[in-house]
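Trainee: Got a structure for you, questions after.
The values are calculated or read from the model by the stated rules, or taken from the named source; none is laboratory data. On a predicted model such as this, the values are computed, not experimentally measured, just so you know. When we count neighbours, we look across all protein chains shown, and the Cβ atoms used for this are built from the backbone with ideal geometry, even at glycine. To get the accessible areas, we keep the full protein, side chains included, count just its heavy atoms, and leave off ligands, DNA and RNA. Shrake-Rupley method; radii C 1.70, N 1.55, O 1.52, S 1.80 Å.
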Amino acid sequence: MPDNNHYGQTNSGGDEDAGKKTYLTRQDVLKAAAGLIRIHGYHGTSTQMIADALGVSKSTFFHHIKSKQDMLFQILQEPLERVYPDLQEIYARQLPPLQKLEAAVTNHILSLAENIEVVTVLLQERDCLKPPYREILEPVRDGYVRIFRLIISDGVNSGAFRPVDPKMAALAILGMCNWLVQWYNPAGEVSIQAIAAMYADFALRLVRP
């Protein structure tokens, strides 16, 4: 495949318009695909629909994307690659468990809002991913949830949190946060920073003694 920065030279007008060239970046392709999949679902979005949205031919589209599954994998991989290192860094900090959980939830909410389209696809269409792509993605997704469990487990063991089940508490917190993709409006009255602060407070109320 081409490099991660460009999808190469494409012709949006057929052979008769060979002089009209455009360069598609990886983000161009994934953003267009994610936007359509968010609306129509993975199975309801054809590669022709995506090619049309990009203004390229279907053959040009497949010159730069191995397959529809490969495209879905890249869309789902992107948000995890962005937020997982941040969460690992938060867990490694020398902070009390309450502050770690607050930072983890805040980071999660801000990341959701910043990457709303691809995160929506990740949450709604991940079961459409098939092997071998699924086996690549699942450890990263599970690792992300595991860090939330570790933060909560550390808090319980230290006495900073009440004796909740770390797995159930982590899933409850992430489930609450992930629902944001269903209703969040960047033009809404409440800023995403205020929303993140409120959600962090909700999470802390769940585990405080």
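Trainee: So what J values fall out for the range 201-208 if you push phi through Karplus, 6.51 cos²θ - 1.76 cosθ + 1.60 with θ = phi - 60°, rounded to Hz, Gly and Pro as x?
Mentor: 5, 4, 5, 5, 5, 5, 10, 4
Trainee: Something else about it: Assuming R0 = 35 Å, what is the FRET efficiency of Cys128 and Gln99, from their Cβ-Cβ distance, to the nearest 0.05?
Mentor: Working: r = 37 Å, r/R0 = 1.06.
FRET efficiency, Cys128 to Gln99: 0.40.
Trainee: Leaving out ligands and nucleic acids, and using a 1.4 Å probe, what accessible area per residue does the range 79-154 come to in Å²?
Mentor: Here the residues of the range 79-154 average 50 Å² of exposed surface.
Trainee: In nm, what is the difference between 0.36 nm times the number of residues separating Asp52 and Leu206 and their Cα-Cα distance?
Mentor: Stretched out fully, the Asp52 to Leu206 stretch lengthens by 50.8 nm.
Trainee: Calculate the spin-label point distance for His63 paired with Ile39, positioning each point 7 Å from the Cα along the beta-carbon direction, and give it in nanometres.
Mentor: Each label point lies 7 Å from its Cα, and together they span 2.6 nm.
Trainee: Leaving ligands and nucleic acids out of the surface, order Lys100, Lys130 by accessible area at 1.4 Å, largest first. Spell out each step's value before the answer.
Mentor: Values: Lys100 25, Lys130 115 Å².
From most accessible down to least: Lys130, Lys100.
Trainee: Label point 7 Å out from Ser158 along Cα-to-Cβ: which residues of the range 180-209 have amide N under 20 Å?
Mentor: Output list for this probe position: 200-209.
Trainee: Taking only DSSP H segments of four or more residues, each worth -39500 (n - 2.57), what value at 222 nm results for the chain once the sum is divided by all its residues, to the nearest 500 deg cm²/dmol?
Mentor: -22000 deg cm²/dmol
Trainee: Still on this structure, I have one more. Using a Gaussian network model on the chain with a 10 Å cutoff between Cα atoms, which of Ala92, Ala197, Ala113 fluctuates the most?
Mentor: Ala92
Trainee: When the chain is modelled as a GNM with alpha-carbon springs shorter than 10 Å, which of Ala196, Ala104, Ala160 fluctuates the most?
Mentor: Looking only at Ala196, Ala104, Ala160, the largest GNM fluctuation is found for Ala160.
Trainee: Using a 1.4 angstrom probe on heavy atoms only, work out the carbon and sulfur share of the accessible area of the chain in %.
Mentor: Details: 5740 of 11000 Å².
Answer for the chain is 52 percent, counting heavy atoms of protein chains only.
Trainee: Got a sec to turn the phi values of the range 33-47 into Karplus ³J(HN,Hα) couplings, 6.51 cos²θ - 1.76 cosθ + 1.60 with θ = phi - 60°, whole Hz, x for Gly and Pro?
Mentor: After applying 6.51 cos²θ - 1.76 cosθ + 1.60, I find 5, 5, x, 6, 5, 4, 7, 9, x, 4, 6, x, 10, 8, 5 Hz.
Trainee: Sticking with this one: Just subtract the alpha-carbon distance of Leu110 and Lys167 from 0.36 nm times their residue separation and send over the number in nm, one decimal.
Mentor: 18.3 nm
Trainee: Once you put a point 7 Å from the Cα of Arg141 and another 7 Å from the Cα of Gln182, both along the Cβ direction, what distance in nm separates them?
Mentor: Roughly 1.8 nm, to one decimal.
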